[in-house]
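S.K.: I'd like to ask some things about the structure below.
Please treat every number below as a calculation from the coordinates, not as lab data. Since the structure is predicted, the reported quantities are computational estimates derived from the model, not experimental observations. Note that each Cβ is placed from the backbone with ideal geometry, even for glycine, and that neighbours are counted across all protein chains shown.
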Amino acid sequence: MTSDASDLQEHAQAASLSGDPIAARLRGFGSLGILTILVIFLADFVVKPLSAVLVLIWAWRSHTPWREIGYVRPRSWIGSLAGGIAFGIAFKFLMKAIVMPLLGAEPINQAYHFLAGNRAALPGMLYAVIVGGGFGEETLFRGYMFERLGKLFGTAVGAKVSIVLLATALFALAHYSDQGLAGVEQATITGLVFGTIFAVTGRLWMLMCAHAAFDVTALATIYWNVETDVAHLIFK
């Protein structure tokens, strides 16, 4: 039954695209398709989460099923929310207390240390990490990139590994300009973890919650000026 339903969806999608050449070109890799990809990625440097908004517009206009970019209804909204938050918080403490010290990272994130005790900056930063990070980056670097690369590479295991690695590389490089090498190292590890989870599940909601919780936890340790304490929990 599942195979039959999938076949019916594919036939319906093909029929829809055949009557809408613009949608077909948006989903392809001709001049319009490549231009769309460039515009979506460049928009990330303009303001977050503009890229993610453009991804949603692209999905709607190109008749791309929402499930193909990870927008799948979770089995439990509350369960996924709670699980994502718990995972994000635990993952951040693991990175800060064990992984980053082993990589030789400084305990203080100098790029964002200005947030320590800075109550005025909190609303803007909370918006940036929850909306820009949780919604924006997951939609762009996991949902959209995996859909586009999946169309090029296919769905075999080797193809999925390549997609995870390529998406992670771009995700990591996007953090270099404001966080330097330490930001790239952290984003590489988080990108590999989040990318692998998405490759296996094809679902974004839990990852959005985990990403937002990860970044909010990082913000909290900076705001309360306990970064060094957390970084030295294991390694003094």
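S.K.: Among Pro49, Ala182, Ile69, whose Cα projects farthest towards the positive end of the dipole of the chain, with charges put on the beta-carbon of Lys, Arg (+1) and Asp, Glu (-1)?
M.R.: Ile69
S.K.: Give me a comma-separated list of calculated 3J(HN,Hα) values for region 127-134, in order, Karplus coefficients 6.51, -1.76, 1.60 applied at θ = phi - 60°, integers in Hz, x for any Gly or Pro.
M.R.: 4, 4, 7, 7, 7, x, x, x
S.K.: Can you compute the modelled spin-label distance between Asn225 and Leu122, with each label point 7 Å from Cα toward Cβ, in nm?
M.R.: Rounded to a tenth, the inter-label distance reads 1.6 nm.
S.K.: Continuing with this model, one more query. Quick one: putting +1 on the C-beta of Lys and Arg, -1 on the C-beta of Asp and Glu, what dipole do you get for the chain around its Cα centre, in Debye to the nearest 20?
M.R.: Charge dipole of the chain: 200 debye, to the nearest 20.
S.K.: In degrees between 0 and 90, to the nearest 10, how far off the longest principal axis of the chain does helix 31-43 point, with axes built from Cα atoms?
M.R.: Once rounded, one gets 20 degrees.
S.K.: Considering Cα pairs under 8 angstrom that are at least six residues apart, work out the relative contact order of region 2-231 and quote it in whole percent.
M.R.: After rounding, I find 31 percent.
S.K.: For a quick check: sort Glu106, Glu137, Glu185 by the number of other beta carbons within 10 angstrom, fewest at the front.
M.R.: Fewest to most other Cβ atoms nearby, the residues stand as Glu106, Glu185, Glu137.
S.K.: May I pose another question? Using Cβ contacts closer than 10 Å as the measure, can you line up His175, His232, His211, His63 from fewest to most?
M.R.: His232, His63, His175, His211
S.K.: Which order, highest average first, do 117-126, 46-55 follow once you tally other Cβ atoms within 10 Å for each residue and take the mean per peptide?
M.R.: 46-55, 117-126
S.K.: Oh, and also: Please list, in chain and number order, the residues 5+ apart from Asp44 or on another chain whose amide H is under 5 Å from its amide H, with Hs placed from the backbone.
M.R.: So Asp44 has HN proximity to Ser51.
S.K.: Additional query: Using only alpha carbon pairs under 8 Å that are at least six residues apart, calculate the relative contact order of region 150-189 and give it in whole percent.
M.R.: Once divided by the residue count of region 150-189, the mean separation gives 30 percent.
S.K.: Tell me the label-point distance for the pair Leu233, Leu166, using the 7 Å Cα-to-Cβ offset, in nm and rounded to one decimal.
M.R.: Rounded to a tenth, the inter-label distance reads 3.7 nm.
S.K.: Which order results if Thr228, Thr139, Thr188 are arranged by neighbouring Cβ count within 10 Å, fewest first?
M.R.: Lowest to highest Cβ neighbour count: Thr228, Thr188, Thr139.
S.K.: Also, I was wondering about something else. Compute the distance from the alpha-carbon center of region 159-185 to that of region 73-121, in whole Å.
M.R.: After rounding, the separation between the Cα centres reads 17 Å.
S.K.: Among Leu170, Met208, Ala105, whose Cα projects farthest towards the positive end of the dipole of the chain, with charges put on the beta-carbon of Lys, Arg (+1) and Asp, Glu (-1)?
M.R.: Result: Met208, furthest along the dipole toward the positive end.
S.K.: Each residue of region 227-236 in order: what ³J(HN,Hα) in whole Hz does its phi give by Karplus 6.51 cos²θ - 1.76 cosθ + 1.60, θ = phi - 60°, with x for Gly and Pro?
M.R.: Result, rounded to whole Hz: 4, 5, 4, 5, 4, 9, 4, 9, 9, 6.
S.K.: Let me ask something else. What is the Rg over Rh value, at two decimals, for the chain, using alpha-carbon atoms and the Kirkwood definition of Rh?
M.R.: For the chain, the value is 1.01.
S.K.: Per the Debye formula with a single identical scatterer at each Cα and no solvent contribution, what log10 I(q)/I(0) holds for region 13-79 at q = 0.12, 0.13, 0.21 Å⁻¹?
M.R.: Values returned for q = 0.12, 0.13, 0.21 Å⁻¹ are -0.38, -0.43, -0.90.
S.K.: Kindly express, to the nearest 10 degrees and within the range 0 to 90, the angle between helix 50-61's C-alpha long axis and the longest C-alpha principal axis of the chain.
M.R.: 20
S.K.: Right, something else. Taking Cα atoms, how many degrees apart are the long axis of helix 205-223 and the longest axis of the chain, rounded to 10 and kept between 0 and 90?
M.R.: Its long axis makes an angle of about 20 degrees.
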